[in-house]
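Read through the structure below, which is laid out as structure tokens, and then see the notes.
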Amino acid sequence: MSLDELKEISTDPQATADALKFDNVKLAPSSPPTDEQLAERVVSLYDQNKATVTAEDVVLANGTTGANLLVCAALLSPGDHVVCTYPAYAGLVEVPRGVGAEVTYTRLYPENDWELDLEDLKSQLKPSTKMIILNNPHNPTGSVLSTSEQAEIVKIAYERNIIIFTDEIFRPLFHTEDVPTSMLEHSSYSRVVVTGSLSKTLGFPGVRIGWAVTRDRKICDTLLRVRDWTLQDISVIDKIIAMEILSERCHQQILSKNLGFARDNLEVLRRFVKDNKESVSCSIPAGAATAFVKFSNPKTGEAVDDMQFCLKLKQDTGVLLSPGSLCFGAAREGDFKGYVRMHITVPSEKFKEAIEKLGTFLTSIAFAELSI
């Protein structure tokens, strides 16, 4: 979104316009809004009836990317062991590896609607396991950890004193009536860190504001110390914009708009999968802004080369999708062959146009040649 669009969607456009006047702002770290003021807005995203979260529990960073990097750099050391869900957003795997940690996977399977297998998670744990890394809602599949599943993970972590690190960048984009808690809201265990930002649910990736939140004082202090020697501070201008995005005037309006896009676009996706069931399969996302869709040879059922599929599709139609084996298949070559990630919170007219072009491509000679 642009700042003009932010003013338009606000319940009080003039108040939003006034809040976004930067001309007299002193561009120094101590200028308002302070970190504490912005942290209070972040705190409002969590249910205080489930677990008390305060501004002191919030560590600001440059987007979720910066927050994830901060968590791994501060809390992991060479020799530590990490278990991460798979497929995974690459940063959740490569950053721990870069710190020197050993990473193993608890794998999600399409035949199980990409849901986490708790027994498999437990089987991956070692005496050296320092952290369990989750992504909820999950990127790229759109699967969701329910509140009860989260509680079981908390029990597992509690028994071994393991840190639970959950990237919640797509929260609260949920597409079912059963809306789960944040992992942070389980009051029985404090060694939980969640990260988020303005990028995905709110559509402002260019405003580089993210956060890590934990109710564990020791963990929070460690994050702050590492931040002092790396990031130090975030943009004053970005703080001002973030304050308005998270304001009562704007926040719910933006979220409702994007949930509306997802609702309409998921219905289009369902019809597309049904109409092309010989070559297309997908577990419809329960959350997030993405879907993981598989394309196969309609005659043999064999998965297409997703790299070539995405390149040819972009070249012939202008539709851009992310190849699953390249972007999410870090564990071994050939994983997630035929899968692509598509975004579902784009404006509905653009999504429909893209799906129509994709459907036409599936009837083309170019797709037939890819399927050989």
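The values are calculated or read from the model by the stated rules, or taken from the named source; none is laboratory data. Everything quoted here is computed from the prediction, not taken from an experiment. Neighbour counts run over all protein chains shown; Cβ positions are idealised from the backbone, glycine included. Ligands, DNA and RNA are stripped out before the accessible areas are found, and what is left, the full protein with its side chains, is counted by its heavy atoms. Shrake-Rupley method; radii C 1.70, N 1.55, O 1.52, S 1.80 Å.
When residues of segment 42-63 are filtered for being surrounded by 20 or more Cβ atoms within 10 Å (Cβ to Cβ), touching a Ser or Thr at 6+ places or on another chain (Cβ under 9 Å) and more than 16 Å from residue 183 (Cα to Cα), how many remain? Total meeting the criteria: 3. The residue pairs whose first member lies in segment 67-87 and is at pLDDT below 95 and among the acidic types (Asp, Glu), whose second member is in a helix (DSSP H, G or I) and open to solvent by 10 Å² or more (accessible area, probe 1.4 Å), and whose beta carbons are closer than 9 Å, counting only pairs six or more residues apart or on different chains, do not exist in this structure. Provide a single number: the residues in segment 177-213 that are touching a strand residue (DSSP E or B) at 6+ places or on another chain (Cβ under 8 Å) and over 23 Å from residue 72 (Cβ atoms). Here the count works out to 1.
Here segment 230-245 is the region considered, the condition is being part of a helix (DSSP H, G or I) and either free of Cβ contacts under 8 Å to residues at least 12 places away in the same chain or of a type in the set (A, V, I, L, M) (or both), and the residue that is surrounded by the most Cβ atoms within 10 Å (Cβ to Cβ) is 242. Residue count for segment 16-60 under the criterion of being assigned to a loop (DSSP other than H, G, I, E, B) and under 17 Å from residue 227 (Cα atoms): the result is 3.
Evaluate the following for residue 288: is it on the phi > 0 side of the Ramachandran plot, touching a His at 6+ places or on another chain (Cβ under 7 Å) and not polar (S, T, N, Q)? In short, yes. For segment 117-132, a residue qualifies if it is farther than 25 Å from residue 282 by Cβ and not in a helix (DSSP H, G or I), and the qualifying residues are 124, 125, 126, 127, 128, 129, 130, 131, 132. Looking at segment 246-328, the helices (runs of 4 or more DSSP H) lying wholly inside it that each contain 2 or more residues that are more than 24 Å from residue 145 (Cα to Cα) and open to solvent by less than 30 Å² (accessible area, probe 1.4 Å) sit at 251-275, 306-317. Taking the condition of being of a type in the set (Gly, Ala, Ser) and either crowded, with 23+ Cβ neighbours inside 10 Å or assigned to a helix (DSSP H, G or I) (or both), how many residues in segment 66-94 meet it? The number of residues fulfilling the criteria is 6.
Return the residues of segment 95-116 that are assigned to a loop (DSSP other than H, G, I, E, B) and in contact (Cβ under 8 Å) with a residue 12 or more places away in the chain; say none if nothing qualifies. The answer is 100, 101, 108, 113, 114, 115, 116. Exactly one residue among 150, 124 is in contact with a strand residue (DSSP E or B) (Cβ under 7 Å, 6 or more places away or on another chain) and at negative phi, and that residue is 124. Does any residue of segment 342-361 turn out to be more than 30 Å from residue 177 (Cα to Cα), surrounded by 14 or more Cβ atoms within 10 Å (Cβ to Cβ) and modelled with pLDDT under 95? No.
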